[in-house]
Amino acid sequence: MVGFLSNILGNDLKCESYFIFSGETDLGNNVRMFLYFLALAYCFIGLSAITARFFQSMENVVKHTRQVVVIDPVTKGEIITHEKVWNYTIADISLLAFGTSFPQISLATIDAIQNLGNLYAGGLGPGTLVGSAAFDLFPIHALCVVIPKAGELKKIADLGVWIVELFWSFWAYFWLYIILEVWTPNVITLWEALLTVLQYGLLLIHAYAQDKRWPYISLPIARDERPVDWVPEETPKQKSEEIVECSEIFNFIEENRDTVDIFSVHSENYRDGSYIRVPQIEEAENSDKLMETELEDTGLLTIWRHQFVYALTVGSQESKKMNNIYTRIAKIFWQLLLMPWRFMFAFVPPCHIAHGWISFICSLLFISWIAYIVTKITDLISCVSGINAYVIAFTALACGTSWPDLVASMIAAERQKTADSAIANITCSNSVNIYVGIGVPWLINTLYNYIAYREPLRIQNAGGLSFSLIVFFATSVGCISVLVARRIVFGAELGGPRLWAWITCAFFMLLWLIFVVLSSLKVSGFF
């Protein structure tokens, strides 16, 4: 235990690696570790800032519609309608889950590229992804349970889709254990890596089949009819007349525009009053065209310029209305802290260009860049402190890179009247973590090793990773069992009586602590 504590508090050996300049090595290990942890935290702040831009771009991608011409069987005339390009279930698994998991995916991919030519896989990526799965399942569920107001109940409306997503989520980690311990212990072959990636496609097909209720494939679980499009009640309606002059454009787009439902509403009852129906699709399409015309008249460069003005502006109308001086100071300090990130992210093109795709891709590139910096800082923390890289991955990296997942699920739990999106984002993100986040890096490494050495990829700490998977399975059964019990007792997974909501929250956090402590002790060699 003394050796473990010494590893946590610091390492007597001098670390010759540095982050920016060689003079860092002259500082004490404890000072360097403190500074590197601050840098890591600041990177996570930047990650939260670019996540906001990512969500804005995704909203524009998901709301895109296409014109469909249908022949009326009675009048034989043409009827022009507009349909959503994206199916909400597929958008959940591909855009939302993939995007919120992109920090972990980028980190694991960068770690794999850095280990090219090495017969052993890097441990930073897999450790972060397994730790992120535990963070998604336990702390995010814990917070989502207490997000609804006292007595408010939010349940999963489409159990069929959730069961499919949950099945593939659990199978992902069961599959990971099989290839690590059963088929080829401590070794990953090219076929195993390829099959891991291909299963992501099977998840998409199965989820879409369940959403569309394909016979013989989907589960026979009924759901209420889903409207074409819905927006949360709390969202203010967009009024195009609010765009009066160029100086107000960016604030309008950022603060007052209609927020599109980026989370899937798998099944809603039309009469339950849960959501407000948006205008008819034709009206909405005309409104979109009017908006685009006004933006074109205003000028793209003007809109882009106001992104930089907004990024360099400290204070807002909201902060000026605050009576508490300390709250205002804290808000201004936070904005100053974010200013370098906001200025950097202002280079991302406005979200309405090309239906948001350019902004979407640029946001992912920035996320990848931050993930690269995070990997460098993490290596330095491990070098300076002597802490096992797996321990850092299970804890600090898993929590920091899972921030987009936390934001997405909390927004869904607060704004939407069902628990579908909040819980679906968790289960889908966990699936993406394995099939893409671990599958793609391992595919890169195994393919390189096969071509260069005719050798498979070896896993250096496969025993520790497999043990973490076993602990994850055991604790996740407790988590899902509690959700099922809440469904039976209270009629909903989220919300309910305040006392029981907080008890559930505490239990989920306890499960997470059990996972972190046991996994950290195992990879550190204590049993």
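Among the residues examined, Ile179 does not qualify as part of a loop (DSSP other than H, G, I, E, B) and either buried (at least 17 other Cβ atoms within 10 Å of the Cβ) or in contact (Cβ under 8 Å) with a residue 60 or more places away in the chain (or both).
All conditions in (1) within 24 Å of the chain's Cα centre (by Cα); (2) open to solvent by less than 10 Å² (accessible area, probe 1.4 Å) hold for Leu143, with the sole exception of (2).
Of all the listed residues (Leu465, Leu380), the sole one being under 26 Å from Phe170 (Cα atoms) and hydrophobic (A, V, I, L, M, F, W, C) is Leu465.
In the set (1) surrounded by 24 or more Cβ atoms within 10 Å (Cβ to Cβ); (2) over 17 Å from Val197 (Cα atoms); (3) out of contact with any Gly (no Cβ under 9 Å at 6 or more places or on another chain); (4) at pLDDT below 80, Gly131 fails one condition alone, (4).
In this structure, does Val482 turn out to be at pLDDT 90 or above, of a type in the set (A, V, I, L, M) and either surrounded by 15 or more Cβ atoms within 10 Å (Cβ to Cβ) or within 23 Å of the chain's Cα centre (by Cα) (or both)? Considered against the rule, which asks whether it is at pLDDT 90 or above, of a type in the set (A, V, I, L, M) and either surrounded by 15 or more Cβ atoms within 10 Å (Cβ to Cβ) or within 23 Å of the chain's Cα centre (by Cα) (or both), Val482 comes out as yes.
Only one of the listed residues (Phe98, Phe102) is of a type in the set (Phe, Trp, Tyr), at pLDDT 75 or above, surrounded by 14 or more Cβ atoms within 10 Å (Cβ to Cβ) and in contact with a Ser or Thr (Cβ under 8 Å, 6 or more places away or on another chain). That residue is Phe102. Restricting Asp420, Asp405, Asp379 to those that are open to solvent by 40 Å² or more (accessible area, probe 1.4 Å), among the acidic types (Asp, Glu) and at pLDDT below 85 reduces the list to Asp379.
The single condition among (1) surrounded by fewer than 24 Cβ atoms within 10 Å (Cβ to Cβ); (2) hydrophobic (A, V, I, L, M, F, W, C); (3) at pLDDT 90 or above that Ala462 does not satisfy is (3). Looking across the range 444-479, the residues that are more than 16 Å from Tyr390 (Cβ to Cβ) and assigned to a loop (DSSP other than H, G, I, E, B) come down to Arg454, Glu455, Pro456.
Go through the range 53-69 residue by residue and tally those that are without any contact (Cβ under 8 Å) to a residue 40 or more places away in the chain and either touching a Gly at 6+ places or on another chain (Cβ under 6 Å) or among the aliphatic types (A, V, I, L, M) (or both). Please lay out each step first, then the result.
Let us first name the residues in the range 53-69 that are without any contact (Cβ under 8 Å) to a residue 40 or more places away in the chain, namely 66-69.
Right, trim to either touching a Gly at 6+ places or on another chain (Cβ under 6 Å) or among the aliphatic types (A, V, I, L, M) (or both) and you get 68-69.
The total comes to 2.
In summary, helices (runs of 4 or more DSSP H) completely within the range 277-358 and bearing 1 or more residues that are at pLDDT 75 or above and out of contact with any His (no Cβ under 8 Å at 6 or more places or on another chain) occur at 300-311, 325-345.
Applying the criterion of being part of a helix (DSSP H, G or I) and open to solvent by 40 Å² or more (accessible area, probe 1.4 Å) to the residues of the range 151-176, the residue that is modelled with the lowest pLDDT is Leu159.
If you scan the range 177-195, which residues turn out to be on the phi > 0 side of the Ramachandran plot and modelled with pLDDT of 90 or more? Hits for the range 177-195: nothing passes.
Inspect all residues belonging to the range 463-484 and state whether any of them is in contact with a strand residue (DSSP E or B) (Cβ under 9 Å, 6 or more places away or on another chain), in contact (Cβ under 8 Å) with a residue 12 or more places away in the chain and not aliphatic (A, V, I, L, M). So far as the range 463-484 goes, no, none of its residues is in contact with a strand residue (DSSP E or B) (Cβ under 9 Å, 6 or more places away or on another chain), in contact (Cβ under 8 Å) with a residue 12 or more places away in the chain and not aliphatic (A, V, I, L, M). Every listed requirement among (1) within 24 Å of the chain's Cα centre (by Cα); (2) surrounded by 19 or more Cβ atoms within 10 Å (Cβ to Cβ); (3) closer than 27 Å to Leu198 by Cβ is met by Thr446 save one, (1). The set of residues from the range 75-95 being of a type in the set (S, T, N, Q) and crowded, with 22+ Cβ neighbours inside 10 Å comprises just one member, Thr89. Which of the residues that make up the range 32-74 are surrounded by fewer than 14 Cβ atoms within 10 Å (Cβ to Cβ) and over 23 Å from Ala371 (Cα atoms)? Answer for the range 32-74, where residues must be surrounded by fewer than 14 Cβ atoms within 10 Å (Cβ to Cβ) and over 23 Å from Ala371 (Cα atoms): Arg66, Gln67, Val68, Val69, Val70, Ile71, Asp72, Pro73, Val74.
The values are calculated or read from the model by the stated rules, or taken from the named source; none is laboratory data. Note that the structure is predicted; figures quoted are calculated from it, not measured. Here Cβ is always computed from backbone atoms with ideal geometry, including for glycine, and neighbour counts include all displayed protein chains. SASA here: full protein model, heavy atoms, side chains in, ligands and nucleic acids out. Shrake-Rupley method; radii C 1.70, N 1.55, O 1.52, S 1.80 Å.
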